[in-house]
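> Supplied in C-alpha cells, the structure appears directly below.
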Amino acid sequence: MVSVKGDAPVKKNNPDDIWDIDEIPEGTQFEDIHDPRPQPEYDLFYKQSVTAEDIYLQMGLKNPTTASCEFLVARIKLPGTKSDDIKLDVKEKFLDLRTPKL
C-alpha cells in the first residue's frame, strides 16, 4: 500500500493479478460443501436504538422497518458445546462459527 501525504492508503494494483481483491465475495472460502457436520439452528434479529422522540414525536427518520436498524443479533443454538470449543470469526459481511460437532 502506498500512502499519500495525510490521505488514506491507496491500493497498489499488481498487473499479474487476474482479479481485484474487491471482486471476490467475502466469505466464499468458508462454504465447505464437503463438511459432514450439521448446521446449527440459528435466529437473526434486527435491533435499533430508539429514543422517546422517535417513538412519541416521530420527528426523526426512523421507522419500524429493517432499513432503520443498527444492529443484527445472531442467536445460535449449540447444545452440548463448551465455550472453549467454539471458534468464531466475525467479518463485516459474514459470521463463521465452528465447533467439533457443528
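What follows draws every value from the coordinates through simple rules; no lab data is involved. Just so we're clear, the structure is a prediction, and the values are computed from it rather than from any experiment.
> Could you pull out the pairs from LYS47/LYS77; LYS77/LYS101; LYS47/LYS91; LYS47/LYS82 whose alpha carbons sit more than 24 Å apart here?
LYS47/LYS82
> For region 87-98, take each phi angle, set θ = phi - 60°, evaluate the Karplus expression 6.51 cos²θ - 1.76 cosθ + 1.60, and give the result in whole Hz per residue in order, putting x for glycine and proline.
Once θ is set to phi - 60°, the couplings for region 87-98 become 10, 10, 10, 10, 10, 5, 10, 7, 10, 10, 10, 10 Hz.
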